[in-house]
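The values are calculated or read from the model by the stated rules, or taken from the named source; none is laboratory data. Nothing here was measured: the structure is a model prediction, and the numbers come from that model. Cβ coordinates were reconstructed from backbone atoms using ideal geometry, including for glycine residues, and neighbour counts include every protein chain displayed. What goes into the accessible areas is simple: the full protein's heavy atoms, side chains included, and nothing from ligands, DNA or RNA. Shrake-Rupley method; radii C 1.70, N 1.55, O 1.52, S 1.80 Å.
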Amino acid sequence: QVRLVESGGGLVQAGGSLRLSCAASGSIFGINAMGWYRQAPGNQRELVATITKGGSTNYADSVKGRFTISRDNAKNTVYLQMNSLKPEDTAVYYCNANRPLPLYDYWGQGTQITVSS
């Protein structure tokens, strides 16, 4: 079992910045990609950004140039630096860890990000 603990959510004005952290613990052997997803009220959960163990990144078009994902493999922690935040970034952000073999996704409990206009 893998446990993911998120921190860093909160309320920020439009144009502001926040940094999310997600620490993984437990049976983390075999985990490759880690990342962030978000879900706004009435919407499906969507990808924000992912990063592999080797450092390859993938971003949603809506956050490219504003958000940066990074990872400290020694600390089993993934970060999401969010700059130039917009009201449409308001959502619950979930940390994800993917184990490819056998395929399984682990999720954090979610952290609320609210961007006021």
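Can you give the convex hull volume per residue for the Cα atoms of the chain, as a whole number of Å³? Display every interim value, and only then the final one.
Details: hull volume 11.2 nm³, N = 117.
It comes to 95 Å³ per residue, whole-number rounded.
Sorting check: for 39-45, 23-29, which peptide has the highest mean count of neighbouring beta carbons within 10 Å, and how do the rest follow? Kindly include the intermediate steps, with their values, before the conclusion.
Details: 39-45: 10.1, 23-29: 13.9.
Descending mean neighbour count gives 23-29, 39-45.
Two decimals is fine: what's Rg over Rh for the range 34-75, C-alpha atoms, Kirkwood radius as Rh? It would help to have the intermediate numbers written out before the result.
Details: Rg = 11.5 Å, Rh = 11.2 Å.
We get a ratio of 1.02 for the range 34-75.
To the nearest 10 square angstrom, how much accessible area does Ile69 have with a 1.4 angstrom probe?
10 Å²
With charges set only on the Cβ (+1 for Lys and Arg, -1 for Asp and Glu), what does the dipole of the chain come to about its Cα centre, in debye to the nearest 20? Kindly include the intermediate steps, with their values, before the conclusion.
Working: 11 positive and 7 negative charges, 46 e Å.
Around 220 debye, computed over the chain.
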